[in-house]
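Q: Next up is a structure, given as structure tokens.
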Amino acid sequence: MAGYMLIPVLLGLATATISDADENFDVRRHLSTSTRYGVVKDIANNSFVPSEIPDHCTPIHLNLVARHGTRAPTKKKMKEFDELASRLKHLLQDAKEQNQSSDKVPTWFLEWKSPWKGNFTDGELIHEGEDDMYNLGIRIKEKFPELFHEDYHPDRYTIKATQVARASASAVAFGMGLFSGKGKLGPGRHRAFAVISESRANDTMLRFHECCQKYKVFKKRHEPEVDKLKEPILDKITGALVERYGINFTRKDTSSLWNLCKHEASLLEITNQACGLFSPSEVDFLEWTDDLEIFILKGYGSSLNYRMGVPLLQDVIQSMEKAIKVKEGSVPGSYEKARMRFAHAETLLPFSCLLGLFLEEPEFELIQRNEYLPHPPKPPEERIWRGSIVAPFAGNNILVLYSCKEAPDNNTSQYFVHVQHNEYPVSMPGCNNSYFCPFEVFKQEIIAPHLKHNYDALCNVGVEQSQNKHGCGTIGEQGRTCHSSENTCGTSRIS
């Protein structure tokens, strides 16, 4: 039965040839979480409707959760590309010994070497990533002048980052943009500011995935099964590449070439080498395999993926509550205007899920009831869940707390939450798809169901037993997916 259900995928790929390339197709927008922020930040969902903030409402607090900017390849990826260079030489030599025609062989294969060979910038922020974060800081300052007109003070503007260089460097680049013109340093009138980091080993706020033992068990168990789900697509594309270029590629070669495509296009703006090997429809399917992986291992595929982010959610909601109390005078002193955090895709993805983003309202109700959520549909079907939109480099969620006076001469205020993803307003399924959600509704309908879970209970209690119990067995041919800490599972067809 499982083999039969894979037929539609294979047939769809069988029709993909290089001739279906669309000159309007921009591969840089289809690189899943390797996508540059500037390429996709202005792409709004078809259902996007610009929201209007009422005139009698004023922002009083801002929360930012952002992924680091565009980075260099990690050591693991650099090693993969060095191995790919050797592999291509071997494949070309093999083709030559078999007297195969070299007419089909891409010319760049002949002398290709990894552009990152000998590079020691393991995963560090690159110049383009610095620009993304610096300009994000400037835009946020310009968009919310009511919050950022005051002089810097660490209690007024809190900046946090993980103890990973690319995240803290992103925080610095962002802060330079945010506070530009506010100091006396250099021609840009910059000023110094503080970036706070927790110990990498104990950062349950921004690196909760590293501290959650049950999640490590879950991920280790399911990674091979996710690879199995991707194999039919990789195999079919590999067959197409062999026929197209006359080289005996393997599934591993195809995977490495796709990784090279993503890094060349995102970091170097090169789209006519590794990316040029694939047709647009093949890119669509390869992108989907990446999106499926982050859905299962980092997104809605398991409630553990996002509920381990409860400490971050608590921090966000507590900062809003404190801002309200200070404004109303029940707590003395001046209140914090913004709390800004810089971390990783493994932070941003779960946080987006906790807010119920990228869901239709019926799907939101499913996750609130701990029920199964189906996997993202394959191309050519439309899907909301795209890594290039959900968590590109420098991807971000902004939560703005507004105070709205009922009347100009009335001191009584009501409070509302406005959420933006990648700087665009997003509707909240948990708030009747509103763009402007009453704070108490936001707390009750979106936040409260998650806060009944405790991080230590979710992540570290009974870890030994969880190695046998958690994970619901398999997500293999039928796409079995765990969706709660209580071992509630669902089954979907992988077709």
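Q: If you take just the helices (runs of 4 or more DSSP H) that sit entirely in the range 341-425, which of them hold at least 2 residues that are more than 14 Å from V65 (Cα to Cα)?
A: 361-368, 387-390
Q: Hey, could you check the range 66-75 for residues that are outside any loop (DSSP other than H, G, I, E, B) and within 12 Å of T121 (Cα to Cα) and say which is farthest from the chain's Cα centre (by Cα)?
A: K75
Q: Output the number of the condition that A338 fails; it satisfies all remaining conditions of (1) surrounded by 22 or more Cβ atoms within 10 Å (Cβ to Cβ); (2) of a type outside the set (S, T, Y); (3) without any contact (Cβ under 8 Å) to a residue 24 or more places away in the chain.
A: Going through (1) surrounded by 22 or more Cβ atoms within 10 Å (Cβ to Cβ); (2) of a type outside the set (S, T, Y); (3) without any contact (Cβ under 8 Å) to a residue 24 or more places away in the chain one by one, A338 breaks only (3).
Q: Name the helices (runs of 4 or more DSSP H) wholly inside the range 108-225 in which the number of residues that are surrounded by fewer than 14 Cβ atoms within 10 Å (Cβ to Cβ) is 1 or more.
A: 127-143, 145-148
Q: Exactly one condition in (1) at pLDDT below 95; (2) under 22 Å from P392 (Cβ atoms) is false for N202; which is it?
A: Of the numbered conditions (1) at pLDDT below 95; (2) under 22 Å from P392 (Cβ atoms), the odd one out for N202 is (2).
Q: As an exercise: evaluate V242 against (1) under 30 Å from F174 (Cα atoms); (2) more than 22 Å from the chain's Cα centre (by Cα) and give the number of the one condition it does not meet.
A: Single failed check for V242: (1).
Q: Mind listing whichever residues of the range 76-104 are without any contact (Cβ under 8 Å) to a residue 24 or more places away in the chain and part of a helix (DSSP H, G or I)?
A: Hits for the range 76-104 are K76, K79, S86, K89, H90, Q93, K96, E97.
The values are calculated or read from the model by the stated rules, or taken from the named source; none is laboratory data. Please read these numbers as outputs of a predicted model, since none were measured by experiment. So basically every Cβ, Gly included, is an ideal-geometry build from the backbone, and we count neighbours across all protein chains shown.
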